Amino acid sequence: MESIIQVENLSKTYAKIKAIQNVNISVCRGEVFGLLGANGAGKSTTIECILGTRKHDQGTVTVLGMNPQTERKKLFERVGVQFQESHYQERIRVDELCEFTQALYKKPSDYRILLKQFGISDKEKCPVSELSGGQKQRLFIILALIPNPEVVFLDELTTGLDARARRDVWKCLSGLKANGLTILLTSHFMDEVEALCDKITILKKGNIIFHGTVKEAIQGSPCERFEDAYLWYTDEEENSHESI
């Protein structure tokens with residue numbers, strides 16, 4: 001299968017702190033890939049280096065066959081990005097923000113169709129500041145999809161959504177995947193990872209401690225459930241006990 005994201009021996013150090021060390025990732029076209037780990041494990045640094053918004057110290061990265069450091073403008077015409085923390089002008093309306101985003105790209109998706117797909121078409125004329133947390137989160141996903149990207153990066157995509165809204169988002173993303181969209185996501189919801197991800201990588205203190213499928217993660221642990229296996233790999237359960 002065609003490799004869309006290829007990361008080899010990626011490393012980044014801040015001062016004397018090794019944020020990530022020798023990270024290797026390969027994501028094929030049409031796959032949903034989950035980058036997992038506790039807060040501070042190196043997920044954000046890895047994504048920033050993949051996107052070229054942060055310079056890595058060692059290793060190589062290609063996305064859609066391009067170098068994110070030297071071909072960032074060309075790359076971002078074909079990539080969508082949604083970050084967990086996004087800030088916009090206080091009184092800008094949903095339709096204004098979507099139209100502004102749409103104008104940045106040559107062949108964008110119709111934002112009105114996306115608003116309907118993600119269940120917030122009734123908020124088209126509302127100021128972004130008046131949306132609920134879950135509605136904002138869905139809007140940020142829509143903004144990442146407006147470029148009509150070949151690959152999209154989603155950071156904690158369903159934070160703030162209720163159970164029904166989360167499943168609606170999953171359904172939309174599964175449909176986009178079926179049409180060939182490649183998705184790299186981070187999530188702390190293990191049911192979400194199980195529902196969406198073809199492959200996962202788990203980071204701990206900047207190092208890869210597991211790479212494979214959810215099923216393989218369970219098989220490689222003493223656990224029967226994926227959430228328990230994830231905690232076993234990351235020792236989060238043990239660490240939480242130590243902090244009590």
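The values are calculated or read from the model by the stated rules, or taken from the named source; none is laboratory data. Everything numeric in this text was worked out from a predicted model, so none of it was measured. Every residue, glycine among them, receives a Cβ derived from its backbone with ideal geometry; neighbour counts consider all protein chains shown.
Remarks
- Residues of the stretch 4-19 that are under 20 Å from the mean Cα position of the chain (by Cα) and surrounded by fewer than 20 Cβ atoms within 10 Å (Cβ to Cβ): Gln6, Glu8, Ser11.
- Across the stretch 38-93, the number of residues qualifying as in contact with a helix residue (DSSP H, G or I) (Cβ under 9 Å, 6 or more places away or on another chain), under 25 Å from Ile142 (Cα atoms) and in a loop (DSSP other than H, G, I, E, B) comes to 13.
- Taken over the stretch 124-154, the criterion of being at pLDDT 90 or above and of a type in the set (D, E, K, R) is satisfied by Glu124, Lys125, Glu130, Glu150.
- Tally of residues being more than 27 Å from Ala163 (Cα to Cα) and of a type in the set (Asp, Glu) across the stretch 88-147: 3
- For beta carbons closer than 6 Å, sequence separation of 6+ or different chains, a first residue in the stretch 28-52 that is touching a residue at least 60 places away in the same chain (Cβ under 8 Å) and a second that is in a helix (DSSP H, G or I), the qualifying pairs are Val32/Lys177; Val32/Leu196; Gly34/Val193; Leu35/Lys43; Gly37/Lys43; Ala38/Thr234; Ala38/Glu236.
- Ile146 surrounded by 18 or more Cβ atoms within 10 Å (Cβ to Cβ) and closer than 19 Å to Ile92 by Cβ: yes
- Counting only strands (runs of 3 or more DSSP E) that sit wholly inside the stretch 159-227, those with at least 2 residues that are surrounded by fewer than 17 Cβ atoms within 10 Å (Cβ to Cβ) and in contact (Cβ under 8 Å) with a residue 12 or more places away in the chain are 207-212.
- Test: residue in the stretch 20-27 that is closer than 21 Å to Leu157 by Cβ, in contact with a helix residue (DSSP H, G or I) (Cβ under 7 Å, 6 or more places away or on another chain), surrounded by 21 or more Cβ atoms within 10 Å (Cβ to Cβ) and not charged (D, E, K, R): no
- The requirement of being crowded, with 21+ Cβ neighbours inside 10 Å and in a helix (DSSP H, G or I) is not satisfied by Leu97.
- Odd one out for Met190 among (1) touching a strand residue (DSSP E or B) at 6+ places or on another chain (Cβ under 7 Å); (2) at pLDDT 90 or above; (3) under 30 Å from Ile17 (Cα atoms): (1)
- Test result for Tyr105, at pLDDT below 90 and surrounded by fewer than 20 Cβ atoms within 10 Å (Cβ to Cβ): no
- For the stretch 109-139, the set of residues classified as of a type in the set (Phe, Trp, Tyr) and either within 15 Å of Trp170 (Cα to Cα) or not in a helix (DSSP H, G or I) (or both) consists of Phe118 only.
- Residue ID - farthest from Gln117 (Cα to Cα), chosen from residues in the stretch 155-170 that are of a type in the set (Val, Ile, Thr) and at pLDDT 85 or above: Thr158
- Count of the stretch 28-37 residues which are crowded, with 21+ Cβ neighbours inside 10 Å and either part of a strand (DSSP E or B) or aromatic (Phe, Trp, Tyr) (or both): 5
- Some residue of the stretch 63-86 being among the polar types (S, T, N, Q) and modelled with pLDDT of 95 or more: yes
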